[in-house]
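Enquirer: One structure coming up, written as structure tokens, with questions to follow.
The values are calculated or read from the model by the stated rules, or taken from the named source; none is laboratory data. What you see is a predicted model; the values in this text were computed from it and never measured. Here the Cβ is made from the backbone with ideal geometry for all residues, glycine too, and neighbour counts use every protein chain on show. Just the protein is used for accessible areas: all its heavy atoms, side chains included, with ligands, DNA and RNA removed. Shrake-Rupley method; radii C 1.70, N 1.55, O 1.52, S 1.80 Å.
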Amino acid sequence: MNAPGGLIKQTRSLIEKIESRYEIPCYLVSDSCFGICDTVDDDVQRLDADLALHIGHNAVVQKVGMFTHLIDAKDDVKFDSVIEKCIPLIGGYKRIGLATFSQHIDQLESARKQFEKAGFEVRLGEANNLLLQSQTFGCDFSTIFPISKEVDVFCYLGDSEFHAVGVALATGKPTYLLDPYLDEVRDMKEEAEERRKRAILAVYKALDARVFGVVTGLKEGQRMLGRSRWITKRLEMQGRKVIQLAMRDITPDRLAPYRDIEAFVQTACPRISIDGFTFERPVLSIPQAEALVKLMEGREVGEFLERPKWIELTVGMIPSSKSR
Ligand code: SF4
């Protein structure tokens with residue numbers, strides 16, 4: 001069983017219940033778990049287990065890989081009060097897009113009604129083969145990206161600045177975070193702009209590097225061998241030396257020993273690069289690496305973070321009947 005840090009307490013109590021009620025031994029796999037990419041299907045056989053439960057990253061699919069079942073975790077906290085606070089702040093806009101993450105999907109409809117009652121036109125993003133209606137991951141905005149041209153502003157339900165900043169960056173739209181716990185509304189403009197500038201700066205810094213490390217992630221949903229090979233080839237065509245690395249967790253400590261490498265490209269979680277303020281050398285995500293290649297080839301880079309997905313997650317998907 002594995003779960004993100006915020007759900008470890010609940011997961012431990014679930015394990016205790018399963019063990020006492022069914023007398024089935026359970027392991028809590030304690031490596032880092034940040035997203036649906038962090039499933040532990042490969043560990044099932046290593047641990048001589050029969051199946052894996054991945055808690056808290058709800059999706060359209062219910063089973064991934066050979067052994068892993070996704071277990072939804074929902075929060076029934078209400079947004080009524082924070083929406084009332086938001087309404088005057090976004091009074092200059094007419095058309096709202098709503099977005100949220102796994103835990104608050106069930107609050108979308110009541111939020112929509114409340115905004116409509118206040119006179120706004122509200123749009124939700126359509127579910128797709130992975131994401132539920134208006135759901136986003138930190139790297140995948142493919143539900144709401146298609147409606148971004150039809151709305152003036154996004155309202156993000158939840159307390160996750162991480163997710164809301166992603167929406168602001170990927171859509172280029174004003175985005176407000178509606179935090180139901182602090183009962184507070186926050187404009188993501190500054191946070192998004194800071195990350196956007198840092199992302200561009202890292203690309204230009206990497207332009208001068210002669211030796212690159214291309215890091216392929218070893219997490220189950222982030223195996224981007226094709227992108228790693230593509231980027232390696234393009235860098236080599238531009239006369240750069242490339243050292244290929246593979247690792248599970250990409251941190252400043254893990255990269256520190258490779259002193260001769262002047263810049264890194266990592267094809268695992270894009271947020272490691274976009275939110276990674278502690279790296280000393282440039283560590284580019286896939287969209288940044290693609291921008292770098294364009295620059296090297298004398299092409300315009302444009303708004304390279306504005307796209308529906310920053311990574312094509314490779315979680316082994318098996319479709320299920322749950323469609324919303
Ligand atoms: S790759 Fe995507 S789903 Fe995985 S941790 Fe990063 S943002 Fe989240």
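Enquirer: Under 7 Å between Cβ atoms, which residue pairs at least 6 apart in sequence (or on different chains) link something in the range 132-146 that is closer than 18 Å to D159 by Cα and in a loop (DSSP other than H, G, I, E, B) with a partner that is within 14 Å of the ligand (Cβ to nearest atom) and among the small types (G, A, S)?
Expert: Hits for this filter: T136/G166; F137/G35; G138/G35; G138/G166; F141/G166; F141/A170.
Enquirer: Further question: For the structure I just gave you, tell me whether A127 is of a type in the set (G, A, S), in contact (Cβ under 8 Å) with a residue 24 or more places away in the chain and not in a loop (DSSP other than H, G, I, E, B).
Expert: So A127 fails the test.
Enquirer: If you take the residues of the range 251-268 that are within 16 Å of the ligand (Cβ to nearest atom) and closer than 14 Å to S228 by Cβ, which of them is surrounded by the fewest Cβ atoms within 10 Å (Cβ to Cβ)?
Expert: Among those residues, the one meeting the criterion is T267.
Enquirer: In the range 150-203, what count of residues is obtained for those that are surrounded by 22 or more Cβ atoms within 10 Å (Cβ to Cβ) and touching a His at 6+ places or on another chain (Cβ under 9 Å)?
Expert: 4
Enquirer: OK, next. Quick check on this structure: which one of V151, V165 is under 29 Å from I231 (Cα atoms) and β-branched (V, I, T)?
Expert: V165
Enquirer: Then there is this: Please go through the range 95-111 and pick out each residue that is in a helix (DSSP H, G or I) and either open to solvent by less than 60 Å² (accessible area, probe 1.4 Å) or touching a Pro at 6+ places or on another chain (Cβ under 8 Å) (or both).
Expert: Hits for the range 95-111 are S102, Q103, H104, I105, Q107, L108, A111.
Enquirer: Something else now. For the range 33-47: of the residues being in a loop (DSSP other than H, G, I, E, B) and among the β-branched types (V, I, T), which is farthest from the ligand (Cβ to nearest atom)?
Expert: V40
Enquirer: Kindly indicate which of S273, S285 is open to solvent by 10 Å² or more (accessible area, probe 1.4 Å), small (G, A, S) and within 12 Å of the ligand (Cβ to nearest atom).
Expert: It is S273.
Enquirer: Find all pairs meeting these conditions: Cβ atoms under 9 angstrom apart; at least six residues apart or on different chains; first residue within the range 256-273 and at pLDDT 95 or above; second residue within 10 Å of the ligand (Cβ to nearest atom) and β-branched (V, I, T).
Expert: Cβ pairs passing all conditions: Q266/I272; T267/I311; A268/I311; C269/I311; P270/I311.
Enquirer: Quick test for you: out of A73, A111, pick the one residue that is touching a strand residue (DSSP E or B) at 6+ places or on another chain (Cβ under 7 Å), over 20 Å from D152 (Cα atoms) and either free of Cβ contacts under 8 Å to residues at least 60 places away in the same chain or not polar (S, T, N, Q) (or both).
Expert: Going through A73, A111 in turn, just one is touching a strand residue (DSSP E or B) at 6+ places or on another chain (Cβ under 7 Å), over 20 Å from D152 (Cα atoms) and either free of Cβ contacts under 8 Å to residues at least 60 places away in the same chain or not polar (S, T, N, Q) (or both): A73.
Enquirer: Taking the range 159-175 as the region of interest, how many residues are under 18 Å from A111 (Cβ atoms) and either in a loop (DSSP other than H, G, I, E, B) or within 12 Å of the ligand (Cβ to nearest atom) (or both)?
Expert: 5
Enquirer: So in the range 48-58, with the set limited to residues that are within 22 Å of L132 (Cα to Cα) and open to solvent by 10 Å² or more (accessible area, probe 1.4 Å), which one is nearest to the ligand (Cβ to nearest atom)?
Expert: H57
Enquirer: Right, here's the next one. Can we say L235 is over 24 Å from F141 (Cβ atoms), touching a residue at least 12 places away in the same chain (Cβ under 8 Å) and in contact with a strand residue (DSSP E or B) (Cβ under 9 Å, 6 or more places away or on another chain)?
Expert: In short, yes.
Enquirer: Which one is nearest to the chain's Cα centre (by Cα), of the residues in the range 218-245 that are buried (at least 21 other Cβ atoms within 10 Å of the Cβ) and modelled with pLDDT of 95 or more?
Expert: Across the range 218-245, the extreme among qualifying residues is S228.
Enquirer: Being in contact (Cβ under 8 Å) with a residue 12 or more places away in the chain, in a helix (DSSP H, G or I) and surrounded by fewer than 15 Cβ atoms within 10 Å (Cβ to Cβ) is the filter here, so list the residues in the range 7-28 that pass it.
Expert: Once the filter is applied, which keeps residues that are in contact (Cβ under 8 Å) with a residue 12 or more places away in the chain, in a helix (DSSP H, G or I) and surrounded by fewer than 15 Cβ atoms within 10 Å (Cβ to Cβ), the range 7-28 yields Q10, R12.
Enquirer: Look through the range 148-158, keep the residues that are away from the ligand (no atom under 16 Å from the Cβ) and not in a strand (DSSP E or B), and return whichever of them is nearest to P88 (Cα to Cα).
Expert: Among residues in the range 148-158 that are away from the ligand (no atom under 16 Å from the Cβ) and not in a strand (DSSP E or B), the one nearest to P88 (Cα to Cα) is D152.
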